[in-house]
Amino acid sequence: SLEDQIRRCKEVATRLGYTVDEEMIFADAAVSGARKSLAKREQYHKLKAVLEEGECEALIADELSRLARDPIELATLQVFIENSNVRLVTCDGLDSSTPNWQLPFQVTTMFASQFLRDTRHRVKRGMQGQLKRGWMIAAPPIGYRCERELDEAGKGGTKWRIEESEIGRASCRERV
């Protein structure tokens, strides 16, 4: 959870002798670190602005993947850290004040971006499986409603059922 990540970061900050102002805690709840979601990450953009203005000494994150999962975004962050006086520390052990920190940073970046590809593959595979089993995977069209069905084992999916109250009301497609 975000609370756990923030708690861990504060513990690391305290251990390293940093003071954390609440206004310097940046968190984008439920927004992916993938490139396509970057525009939605308002807090991440505020964090980057604070870093570029030199308003903090250290950037502490629970894990590198909490900052971003996109290799280009993380490469940009690496270059910034290398060329600034900002220290990057993660709760899982990365510290830019140690020699050759770039190698673990890059390996972690590789794993973070691979995680996105693996997840994308699993989600598509699962959606295809649901379709092959006869279940729906999208919101129903006008005139239908979703109905969840489960078997004795608790497995199942969603079926579309005609919404009786919509019978006789033409959809936009039907009017054309």
| query | Which of these values of semi-axes √(5λ) of the Cα gyration tensor in Å was calculated from the structure shown: [x] 45, 19, 16; [y] 50, 19, 13; [z] 29, 19, 14? | reply | [x]
| Taking the simple approach of a point 7 Å from Cα along Cα-to-Cβ for both L38 and E52, what is their distance in nm? | 1.2
| query | By how many nm would the segment from S84 to R120 grow when fully extended, if each residue of separation counts as 0.36 nm and the alpha-carbon distance is taken off? | reply | 9.5 nm
| field | Length added when fully stretched, L131-F111, from 0.36 nm per residue minus Cα-Cα | value | 4.2 nm
| task | Measure nothing fancy, just the Cα-based angle from helix 71-82's long axis to the longest principal axis of the chain, in degrees from 0 to 90, nearest 10. | result | 20
| note | For K159, counting only lysines whose alpha-carbon sits under 29 Å away and dropping same-chain residues fewer than eight positions off, the answer is K124, K132
| message | Could you report the chain's accessible area per residue, 1.4 Å probe, as an integer in Å²? | response | 68
| note | Judged on accessible area alone, 1.4 Å probe, highest first, Y44, Y18 line up as Y18, Y44
| request: Determine the gain in length on full extension of the stretch L2-A138; use 0.36 nm per residue of separation and subtract their C-alpha separation, reporting nm with one decimal. | output: 46.1 nm
| query | Given a 1.4 Å probe and the protein chains all in place, what does the accessible area of L2 round to, in Å² to the nearest 10? | reply | 60
| field | Net charge dipole size for the stretch 33-92 [Lys, Arg +1 and Asp, Glu -1 on Cβ; Debye, nearest 20] | value | 360
| query | If you place +1 on the Cβ of every Lys and Arg and -1 on the Cβ of every Asp and Glu, how big does the dipole about the Cα centre of the chain come out, in debye to the nearest 20? | reply | 1220
| said: Tell me the carbon and sulfur percent of the accessible area for the chain, rounded to whole percent, probe radius 1.4 Å. | reply: 52
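The values are calculated or read from the model by the stated rules, or taken from the named source; none is laboratory data. Everything numeric here is computed off the predicted structure, so don't read it as measured data. With ideal geometry, Cβ positions are generated from the backbone for all residues, glycine too; neighbour counts draw on all protein chains shown. With ligands, DNA and RNA removed, areas are computed over all heavy atoms of the protein, side chains included. Shrake-Rupley method; radii C 1.70, N 1.55, O 1.52, S 1.80 Å.
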